[in-house]
Amino acid sequence: MTSFAIIIKHKTQPGKRDEVRKVWEKHMAPAVSANPGHTAYFYCFDNAEPDSIYAFQQYASPEASQAFLETDSYAAYLEEVEPLLSGPPQVTSLTPVWTKGA
């Protein structure tokens, strides 16, 4: 496999998780759907922490991941979402070695 993946954990300001989701749906859902570099994407609420969101993203390559960070859609998302977050995200880079259905 030559793909690249990341898991991102966002901590929202208390009680702001649904607002963050609305911002994500406005900017990121259409951008991810249109991006051929994303081969899989899961946007998830943490069941144990009401102010936490996880995103699992699989890309065709590390370069595809970096290119997405440079899009206008991502910049607009950051501008609108950052005031709703309690700090920077926790990002873990991964190399997929086996997947089902990807």
**Request:** Among the residues of segment 36-77, count how many are buried (at least 17 other Cβ atoms within 10 Å of the Cβ) and touching a Ser or Thr at 6+ places or on another chain (Cβ under 8 Å).
**Result:** 8
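Just need a number here: residues in segment 36-53 that are farther than 16 Å from His10 by Cβ and assigned to a strand (DSSP E or B). Spell out the reasoning first.
Applying the first criterion (farther than 16 Å from His10 by Cβ) to segment 36-53 yields 36-40.
Filter once more, so that each one left must be assigned to a strand (DSSP E or B): 38-40.
So the answer is 3.
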**Asked** If the Cβ limit is 7 Å and pairs must be 6+ apart or interchain, which residue in segment 27-41 that is touching a residue at least 60 places away in the same chain (Cβ under 8 Å) pairs with which residue that is crowded, with 17+ Cβ neighbours inside 10 Å?
**Response** Thr39/Ser3; Thr39/Gln58; Thr39/Tyr59; Ala40/Gln58
**Message:** Whether any residue in segment 12-35 is at positive phi, loosely packed, with under 12 Cβ neighbours inside 10 Å and either assigned to a loop (DSSP other than H, G, I, E, B) or more than 11 Å from the chain's Cα centre (by Cα) (or both) is what I want to check.
**Reply:** yes
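What residue, among those in segment 1-11 that are over 11 Å from the mean Cα position of the chain (by Cα) and farther than 18 Å from Leu78 by Cα, is surrounded by the most Cβ atoms within 10 Å (Cβ to Cβ)? Walk me through how you get there before you give the answer.
First pass over segment 1-11, keeping only residues over 11 Å from the mean Cα position of the chain (by Cα): 1-4, 11.
Checking which are farther than 18 Å from Leu78 by Cα leaves us with 1-4.
Numbers: Met1: 11, Thr2: 8, Ser3: 19, Phe4: 21.
Out of the qualifying residues, it is Phe4.
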**Item:** Complete set of residues in segment 64-102 that are touching a residue at least 24 places away in the same chain (Cβ under 8 Å) and among the acidic types (Asp, Glu)
**Value:** Glu80
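Every number in this text was worked out from the coordinates using simple rules, so none of it is lab data. Computed from a predicted structure; not experimentally measured. So basically every Cβ, Gly included, is an ideal-geometry build from the backbone, and we count neighbours across all protein chains shown.
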